[in-house]
Amino acid sequence: MATIFSRIVAGEIPSYKVAEDEKNYAFLDINPVAPGHVLVIPKKEVDYIFDLEDDDYVSLQSFAKRVAGAMKKAMPCQRIGVAVMGMEVPHTHIHLIPINEESDMNFFKEKAVVTSEEMARIAQSIANEMQETHSELF
Ligand code: AMP
């Protein structure tokens, strides 16, 4: 059965899309650790990130780098933090999180409350930054 993330890529389940290219897709985490928390996934369904073929791994990481660049411009923050765990959804995903201090990467604290309007606005502003710098992806 397709993972929930494959169903998002297929358009069967809605997402706050930020960007996509031929191999990868980026969208807002529905339960964000901080506003602007993005998940970057390969369209190919692979559970464990280090099981990706080398070229797919490099493609995913360089796509994540471009998304992080757009996030840094769109969100007020010091840095974009990166985490990979994948214990919940068996479809590899890189968490990109706008942070100002290390404790902002805490996945166990109460999640941020972000309205659907704000989620849509954040996704759009990151997408706009992506489009400005990487129009080849659109
Ligand atoms: P983990 O597998 O532990 O790295 O975490 C999975 C992440 O996926 C969590 O942060 C969830 O909030 C997120 N998530 C699960 N379902 C969705 C969805 N439909 N749209 C966006 N994010 C999701």
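Database remark: amide H of residue 46 closer than 5 angstrom to the amide H of 92 (H placed geometrically; neighbours at sequence offset of 5 or more, or on other chains; Pro and chain starts carry no H). For a quick check of your reading of the filter: which chymotrypsin sites (Phe, Trp or Tyr not before Pro) in region 38-109 sit in a DSSP loop and have no more than 13 other Cβ atoms within 10 Å? Within region 38-109, the qualifying chymotrypsin sites (Phe, Trp or Tyr not before Pro) (loop, at most 13 other Cβ atoms within 10 Å) are 48, 107, 108. A 1.4 Å probe run over the protein chains yields, for region 4-137, 56 Å² of accessible area per residue, whole-number rounding.
In the chain, helical runs assigned H by DSSP with n ≥ 4 each contribute -39500 (n - 2.57); averaged across all residues and rounded to the nearest 500, the mean residue ellipticity at 222 nm is -10500 deg cm²/dmol.
Once the Cα-Cα distance is subtracted from the 0.36 nm per residue extended length, the residue 44 to residue 89 segment shows a gain of 14.8 nm. Length gained on full extension, residue 82 to residue 118, computed as 0.36 nm times the residue gap minus the Cα-Cα distance: 10.7 nm.
Model label sites at residue 53 and residue 107, defined 7 Å from Cα along the beta-carbon direction, differ in position by 2.8 nm.
Put the Cα centre of region 94-122 next to the Cα centre of region 28-90 and the gap is 13 Å.
The values are calculated or read from the model by the stated rules, or taken from the named source; none is laboratory data. In this text the structure is predicted, and so the values were computed from the model without any measurement. Here the Cβ is made from the backbone with ideal geometry for all residues, glycine too, and neighbour counts use every protein chain on show. With ligands, DNA and RNA removed, areas are computed over all heavy atoms of the protein, side chains included. Shrake-Rupley method; radii C 1.70, N 1.55, O 1.52, S 1.80 Å.
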